[in-house]
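S.K.: One structure follows; several queries about it will come next.
The values are calculated or read from the model by the stated rules, or taken from the named source; none is laboratory data. As the structure is a prediction and not an experimental result, all values here were calculated from the model. FYI the Cβ positions are ideal-geometry reconstructions off the backbone, even for glycines, and counts take in every protein chain you see.
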Amino acid sequence: MNHTIRNMVTEIEAMKAKLKQEIEKEETKAVSYRIEGESVIFDKESLLKQRAHMKHLWAWFKEVPLIQLMTAPVIYGMVIPAVILDASLFVYVRVVAPVFKLKFAKRKEFIVFDRHYLGYLNFFEKLNCVYCSYFNGLMFYAGSVAQTTELYFCPIKHAKRVAYGEEHFSKYLGYGDAEKYHDKLDALREKYTEPKKH
């Protein structure tokens, strides 16, 4: 990656971090809450206002078309392969990380359960949110594990465009860049793995 591209990537990352901070500031202005450990705590007034907007179960069920309710077994049935994937990733990370000294992201950074604290969601909406938090978080975690593995074993960009974009490949080596490939590969591995103990 040349100097100009590296600088642009660094600037983009800095702007993303700044944007995230601004969004968080804006959101905490609109709703008053604090995070204590794993819990989200709303002040009493905010929670009462939220509960006033909750759609009660009978009204909620009346609005959901029957055809959509009938898809529930298909949607929730996906939890079975998700749990199998989750267990497989648990084993994979614990076997592969120490052997290759790979630094995998932590699962808890991807799978976050906090939407059930919202007072305006009824039981089924909260259940849906728990399911989506788990499933989507797991998919992003699986992607992170896969990228860490790819970064070690095959950190080469594709010649063709891929849907998940340049951000994924920003650390990777150029496609067709054969000169000193193995030297660059060793340097990259050293940068993104745990240091070797002497």
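S.K.: Looking for whichever is more than 24 Å from SER32 (Cα to Cα) and at pLDDT 90 or above here; the options are GLU150, GLU63. Which one fits?
M.R.: Numbers: GLU63 fails: at pLDDT 90 or above.
Of GLU150, GLU63, the one residue that is more than 24 Å from SER32 (Cα to Cα) and at pLDDT 90 or above is GLU150.
S.K.: Do we find a residue being among the hydroxyl-bearing types (Ser, Thr, Tyr), outside the structural domain of TYR175 (by TED's automatic domain parsing) and surrounded by 12 or more Cβ atoms within 10 Å (Cβ to Cβ) anywhere in the range 46-62?
M.R.: Filtering the range 46-62 for residues among the hydroxyl-bearing types (Ser, Thr, Tyr) gives 46.
When the remaining residues are screened for being outside the structural domain of TYR175 (by TED's automatic domain parsing), the result is 46.
Next cut, surrounded by 12 or more Cβ atoms within 10 Å (Cβ to Cβ) only: 46.
So far as the range 46-62 goes, yes, one or more of its residues are among the hydroxyl-bearing types (Ser, Thr, Tyr), outside the structural domain of TYR175 (by TED's automatic domain parsing) and surrounded by 12 or more Cβ atoms within 10 Å (Cβ to Cβ).
S.K.: Here are VAL93, VAL112, VAL99: which of them is more than 18 Å from GLY143 (Cβ to Cβ) and β-branched (Val, Ile, Thr)? Don't jump to the end; show me each part of the working.
M.R.: Details: VAL93 fails: more than 18 Å from GLY143 (Cβ to Cβ); VAL112 fails: more than 18 Å from GLY143 (Cβ to Cβ).
None of the others qualify; the one that does is VAL99.
S.K.: Could I ask something else about it? So for the range 159-175 (the condition being modelled with pLDDT of 90 or more and not in a loop (DSSP other than H, G, I, E, B)), does at least one residue qualify?
M.R.: Within the range 159-175, the first condition is being modelled with pLDDT of 90 or more, and the residues that meet it are none.
No - not one qualifying residue is present in the range 159-175.
S.K.: All but one of (1) acidic (Asp, Glu); (2) surrounded by 11 or more Cβ atoms within 10 Å (Cβ to Cβ); (3) more than 30 Å from PRO195 (Cβ to Cβ) hold for GLU38, so report the exception by its number.
M.R.: (2) is the only condition that GLU38 fails.
S.K.: Could you list all residues from the range 67-120 that are among the polar types (S, T, N, Q) and closer than 18 Å to GLN147 by Cβ? Steps first, answer last, please.
M.R.: First, pick out the residues of the range 67-120 that are among the polar types (S, T, N, Q): 68, 71, 88.
SER88, the sole residue that qualifies.
S.K.: Follow-up question, since we're still on this one. Just checking: which of the helices (runs of 4 or more DSSP H) contained wholly in the range 25-124 hold 3 or more residues that are within 30 Å of ASP186 (Cβ to Cβ)?
M.R.: 79-100
S.K.: Further, regarding this structure: Kindly establish whether ALA159 is over 16 Å from the mean Cα position of the chain (by Cα), surrounded by fewer than 14 Cβ atoms within 10 Å (Cβ to Cβ), among the small types (Gly, Ala, Ser) and under 28 Å from ILE5 (Cα atoms). Give the steps one after another, and end with the answer.
M.R.: Details: over 16 Å from the mean Cα position of the chain (by Cα): yes; surrounded by fewer than 14 Cβ atoms within 10 Å (Cβ to Cβ): yes; among the small types (Gly, Ala, Ser): yes; under 28 Å from ILE5 (Cα atoms): yes.
Yes; evaluated as a whole, the condition is true for this residue.
S.K.: Mind listing just one residue for me: the one in the range 5-35 that is under 21 Å from HIS116 (Cα atoms) and surrounded by 11 or more Cβ atoms within 10 Å (Cβ to Cβ) and, of those, modelled with the highest pLDDT?
M.R.: TYR33
S.K.: Also: Among LEU151, LEU127, which is the only one that is in a helix (DSSP H, G or I) and either closer than 30 Å to ALA59 by Cβ or hydroxyl-bearing (Ser, Thr, Tyr) (or both)?
M.R.: Details: LEU151 fails: either closer than 30 Å to ALA59 by Cβ or hydroxyl-bearing (Ser, Thr, Tyr) (or both).
Of the residues listed, the single one that is in a helix (DSSP H, G or I) and either closer than 30 Å to ALA59 by Cβ or hydroxyl-bearing (Ser, Thr, Tyr) (or both) is LEU127.
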